[in-house]
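Everything on this sheet refers to the single structure shown next.
The values are calculated or read from the model by the stated rules, or taken from the named source; none is laboratory data. Please read these numbers as outputs of a predicted model, since none were measured by experiment. A quick note on method: Cβ atoms are made from the backbone with ideal geometry, for glycine too, and the neighbour counts reach across all protein chains shown.
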Amino acid sequence: MTESVRSRRLIHHEMQRAQGEFHALLECASLEDLARATNGTRWTNRELLFHMLFGYLITRNLLVVVKLVARLPKPAQRGFAALLNAGARPFHQVNYWGSRAGARAISVSRMREWFDRVIGSLQRHLDAETEHGLRRHMPFPTRWDPFFTGGMSVADVYHYATQHFDFHREQLTLAQGPTTRRAGTPDS
């Protein structure tokens, strides 16, 4: 089994785990829970849950960017990453306010539906990737997100969404949460 095939299977598993956790988080959250402040962010639990969904939504766009920019000459790729890094401050403002607005604009049940659709879409696209496509790589804007590294492959971007989800999962202050957190890998 090649590394990218193994990665593909693990990425599928982690997305399914996150999907189950997201459902459980929404099911156990009361209105009071959703309105409570989170630990370490300026968002409420509801806003942070939307932001966790948004991480998967933005991944679809990141995949397109990687596939396009990776075809450019290396200097152009580095220039593109530098340009994005220069725009980190406005990005963070849009990211913050967008999650606040998104959480107010859609219902909890709609969040669940969007989460299911984006996970299904990402998994279908992951299945359609070639080995070469999963290895396609470009420099990344490291100031945009703590999980962005100096260079990321298509496979790294698929994995990024769940890294982002797991990080923010720890910042939620819901009264209860799912007990199946990181229950293992397909090999365990």
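Before moving on, here are some points about what is shown:
- Condition check for Ser109 on (1) buried (at least 17 other Cβ atoms within 10 Å of the Cβ); (2) polar (S, T, N, Q); (3) more than 25 Å from Phe80 (Cβ to Cβ): one failure, at (1).
- When the criteria are applied in full, Arg17 meets the requirement of being out of contact with any strand residue (DSSP E or B) (no Cβ under 6 Å at 6 or more places or on another chain), under 14 Å from Phe165 (Cα atoms), outside any strand (DSSP E or B) and basic (Lys, Arg).
- Evaluating Gln77 against the criteria (1) surrounded by fewer than 20 Cβ atoms within 10 Å (Cβ to Cβ); (2) polar (S, T, N, Q); (3) within 21 Å of Glu170 (Cα to Cα); (4) modelled with pLDDT of 95 or more leaves one unmet condition, (3).
- Matching entry among Arg110, Arg124 (being closer than 17 Å to Asn45 by Cβ, part of a helix (DSSP H, G or I) and basic (Lys, Arg)): Arg110
- Odd one out for Val65 among (1) surrounded by 17 or more Cβ atoms within 10 Å (Cβ to Cβ); (2) closer than 20 Å to Leu122 by Cβ: (1)
- Of all residues in segment 137-188, exactly one satisfies the criterion of being crowded, with 17+ Cβ neighbours inside 10 Å, at pLDDT 95 or above and in a loop (DSSP other than H, G, I, E, B), namely Leu172.
- Whichever residue in segment 39-55 is in contact with a Leu (Cβ under 7 Å, 6 or more places away or on another chain) and crowded, with 23+ Cβ neighbours inside 10 Å and, among such residues, is farthest from Ala29 (Cα to Cα): Leu48
- Candidate set: segment 56-86, residues that are over 20 Å from Gly150 (Cβ atoms) and touching a residue at least 40 places away in the same chain (Cβ under 8 Å); chosen: the one farthest from the chain's Cα centre (by Cα): Arg60
- Verdict on Ala35 being free of Cβ contacts under 8 Å to residues at least 40 places away in the same chain, in contact with a Ser or Thr (Cβ under 6 Å, 6 or more places away or on another chain) and more than 17 Å from Ala155 (Cβ to Cβ): yes
- Comparison of Arg89, Arg46, Arg17 shows that the only residue that is basic (Lys, Arg), over 28 Å from Glu131 (Cβ atoms) and at pLDDT 95 or above is Arg46.
- Single match in Arg100, Arg8 (criterion: basic (Lys, Arg), under 16 Å from Asp156 (Cβ atoms) and either surrounded by 14 or more Cβ atoms within 10 Å (Cβ to Cβ) or touching a helix residue (DSSP H, G or I) at 6+ places or on another chain (Cβ under 6 Å) (or both)): Arg8
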